[in-house]
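Visitor: The structure's right below; bear with me while I get my questions together.
Bear in mind that the values in this text are calculations on the coordinates, not laboratory data. What you see is a predicted model, and the numbers here were worked out from it, not measured in a lab. Reconstructed Cβ throughout: ideal geometry from the backbone, glycine too, with neighbour counts over all protein chains shown.
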Amino acid sequence: MFVTYQEVLDRAENGPLMKESEFDRLVGKKAKELTRKYNIKFDPGTIVPDDDALADRLFEAAVEFIVDVGVYVCDSERVIKLTRDEVLETIANVRSQVQYGRNKDAAIARKRSVEDTLDPFIIFSPVGNPVPEELFEAFIQHYAQERITDAIFSPVLTSYKGRPVKSDVASEMEASIWNLKKLREAARIAGRPDVGIANWASTAEKTDVIIALADPAFGSIINDGVLCAAIAEMKVDQERLKKVSYLVQKGFIIEGLLGPLMGGYAGGPAETAICHVAHHFLAAIVYRTDINVGFPIHINYCCNSTPEMLWLTAVINQALARNCNILKLSNMFNHAGPNTEMCMLEAACYGATATVSGTDAMDLGALTMNRHSLRWAVQEPKMAAEVGHIVARMGLTRKEVNEIVTACVNENKPLFGTAPLGSQWTECYDTERLIPTPEYVELRERIKGKLQKMGLNWSVLRVER
């Protein structure tokens, strides 16, 4: 049976009662049980598996997981319970493509399959990066001007008129409106006035702010996206449901934001893989999403570029690509900072792994563990995007990609835990002309040369698709 949104809201208020601590224990217990039942294991010797049966077992395990566990509503301490038929029928009715932007800046994210030759949709995403107001517009412009990106995200505005931006106070509204205006202005200056903005303001948490930003007078268009985050693990709250209630009526692109912690309540990589696929079901059913931003991250390293996290990215995308039409927007989180060899290789590995595994789109990308102000720049996201396009256009297999990724990961392994912070944006970019420094360009070219020797052919990027 198809589950309507009104049924979701009813179950959020009237479902069975459960303490949150009890729910957390259930998540871990059930995930562990299902890894054994479905024989889901992380193989450190194969970062990008080509085992279709494993992907299909993972999908089945995730369906059983959400049926047995449900979705927890933090405010009401209720559980939204779902049957297997409800899960399968509801996710069967999702969109298989979505358009960001309009007019000449329109771009479509489409359903891709494992080892697909279709280019992945690209979003350059400084979301989460703290940026001061005096650099905000130029920082966004240096992302928007890169033609390989199909849409853009907003960074975090840390201050507005000299005051820190806080949630649930008037300054949140003021700063968010200014934020959106500057996003659209930066896109216009970059020659892309109608490019899709995949989140209007990273500082906009409350529903009333989202409603205000939906006013086109501030720069929003109907082909923009709005993020609705699940709470790790498998939780929602009424504030988020209020936001969805508004968005389903307005017609903006609803994006699930899904970030389970590997090493958290779910457990290790295999358990987290089950939980993360189930999060996509949560988003499609409870948040009525059009596309889902997935960013499972390592609880200690705060990234998804370690061997087990890349494996997680591979099997999650393969499971969903092979078994349903839910659109997937894979979100890169790097450990190292910009203008370092480690960060460039992390980006290449992520772009190759996600693309060959059937992701539909890539959200690129959080650098320096998404923690350090201005230690983001566009050259690493551009590396991931180009590698993704190359992998698709060359028609590389998972086995071929696994060889390349394994070689790069082996170089980075010794640096996890002590990764270099790299350069701030103001150090590796000319912030007036918005071009990278010669040293930054040289690093990028050197890494390209290394990857070309491994079999990636940059010349295919000159071929129009």
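Visitor: For the stretch 196-206, just list the computed ³J(HN,Hα) in residue order, Karplus coefficients 6.51, -1.76 and 1.60, θ = phi - 60°, integers in Hz, with x standing in for Gly and Pro.
Guide: Values per residue, Gly and Pro as x: x, 9, 8, 7, 6, 7, 5, 8, 8, 9, 7 Hz.
Visitor: Shape of the stretch 29-99 from its Cα gyration tensor (a ≥ b ≥ c, root eigenvalues): rounded if a/c is under 1.5, otherwise prolate when a/b > b/c, or oblate?
Guide: Oblate, since a/c reaches 1.5 and b/c is not below a/b.
Visitor: Here's another thing I want to ask about it. Of the options Ser113, Pro49, Val67, report the single residue whose Cα projects farthest towards the positive end of the charge dipole of the chain (beta-carbon charges: Lys, Arg +1; Asp, Glu -1).
Guide: Ser113
Visitor: Here is a follow-up. Could you tell me what a quarter of the Cα convex hull surface of the stretch 122-256 works out to, in nm² with one decimal place?
Guide: With every direction weighted equally, the projected area is 7.9 nm².
Visitor: Quantify how much of the Cα-Cα distance distribution of the stretch 243-391 extends past 18 Å, in percent.
Guide: So the pairs more than 18 Å apart make up 55 percent of the total in the stretch 243-391.
Visitor: Compute, for the chain, the length of the dipole vector about the Cα centre, with Cβ point charges of +1 (Lys, Arg) and -1 (Asp, Glu) only. Units Debye, rounded to 20.
Guide: Numbers: 52 positive and 61 negative charges, 73 e Å.
Dipole magnitude for the chain comes out near 340 debye.
Visitor: Within the set of other residues whose C-beta is less than 12 Å from the C-beta of Glu308, count the net charge using Lys and Arg as +1 and Asp and Glu as -1.
Guide: Local charge sum for Glu308: 0.
Visitor: Quick one: dipole size for the stretch 187-310, taken about the Cα centre, charges +1 on Lys/Arg Cβ and -1 on Asp/Glu Cβ, in debye to the nearest 20.
Guide: In debye, rounded to 20, the stretch 187-310 gives about 220.
Visitor: A follow-up question, please. So for the chain, averaging the separation of alpha carbon pairs under 8 Å that are six or more residues apart and normalising by length, what relative contact order in percent results? Provide the component values of the computation, followed by the final result.
Guide: On the way: 1034 pairs, mean separation 89.7, N = 465.
After rounding, I find 19 percent.
Visitor: Report the one residue of Gln318, Asn129, Ile299 whose Cα lies farthest in the direction of the positive end of the charge dipole of the chain (charges on C-beta: Lys and Arg +1, Asp and Glu -1; origin at the Cα centre).
Guide: Gln318
Visitor: Now for a separate question. Label the stretch 52-172 by shape, choosing from rounded, prolate and oblate, from the square roots a ≥ b ≥ c of the eigenvalues of the Cα gyration tensor; if a/c is under 1.5 it is rounded, and otherwise prolate applies when a/b is larger than b/c, oblate when it is not.
Guide: Working: a/c = 2.79, a/b = 1.38, b/c = 2.02.
Oblate shape, in that a/c is at least 1.5 and b/c is the bigger or equal ratio.
Visitor: Here's something else I'd like to know. May I ask what percent, to the nearest 5, of DSSP beta bridges between residues of the chain are antiparallel? Provide the component values of the computation, followed by the final result.
Guide: Values: 13 of 43 bridges.
Restricted to the chain, the bridges split so that about 30 percent are antiparallel.
Visitor: I've got another one for you. Give me the distance between the Cα centres of the stretch 85-100 and the stretch 244-290, rounded to whole Å.
Guide: One Cα centre to the other: 13 Å.
Visitor: Which whole number in µm²/s is D for the stretch 357-465 by Stokes-Einstein, with the Kirkwood Rh taken over Cα pairs at 37 °C and 0.692 mPa s?
Guide: In µm²/s, the coefficient rounds to 210.
Visitor: Can you work out ³J(HN,Hα) from phi for every residue in the stretch 5-14, in order, using Karplus 6.51 cos²θ - 1.76 cosθ + 1.60 and θ = phi - 60°, giving whole Hz and x for Gly and Pro?
Guide: 5, 5, 5, 4, 5, 4, 5, 5, 9, 10
Visitor: Another question, then. Scan the stretch 150-212 for trypsin sites (Lys or Arg not before Pro) in coil per DSSP, keeping those whose Cβ has at most 13 other Cβ atoms within 10 Å, and list them by number.
Guide: Here the sparse-neighbourhood loop sites are Lys161, Lys166.
Visitor: Roughly how many whole Å is it from the C-alpha centroid of the stretch 380-421 to that of the stretch 303-369?
Guide: After rounding, the separation between the Cα centres reads 9 Å.
Visitor: Tabulate in residue order the Karplus-calculated ³J(HN,Hα) for the stretch 332-341, using 6.51 cos²θ - 1.76 cosθ + 1.60 with θ = phi - 60°, rounded to whole Hz; enter x for Gly and Pro.
Guide: The phi angles translate into 7, 10, 9, 7, 8, x, x, 6, 10, 4 Hz.
Visitor: In addition: Place +1 on the Cβ of every Lys and Arg and -1 on the Cβ of every Asp and Glu in the chain, take the dipole about the Cα centre, and give the residue among Val378, Phe2, Ala201 whose Cα lies farthest towards its positive end.
Guide: It is Val378, whose Cα lies furthest towards the positive end.
Visitor: Sticking with this one: With Kirkwood's inverse mean 1/r over C-alpha pairs for Rh, give me the Rg to Rh ratio of the chain, two decimals please.
Guide: We get a ratio of 0.94 for the chain.
Visitor: What is the magnitude of the charge dipole of the stretch 1-105 about its Cα centre, with +1 placed on the Cβ of each Lys and Arg, -1 on the Cβ of each Asp and Glu, and no other charges, expressed in debye to the nearest 20?
Guide: 160
Visitor: Is the stretch 404-465 best put as rounded, prolate or oblate by its Cα gyration tensor, with a ≥ b ≥ c the root eigenvalues, rounded for a/c under 1.5, and otherwise prolate when a/b is larger than b/c, oblate when not?
Guide: Cα axes put the stretch 404-465 in the oblate bin.
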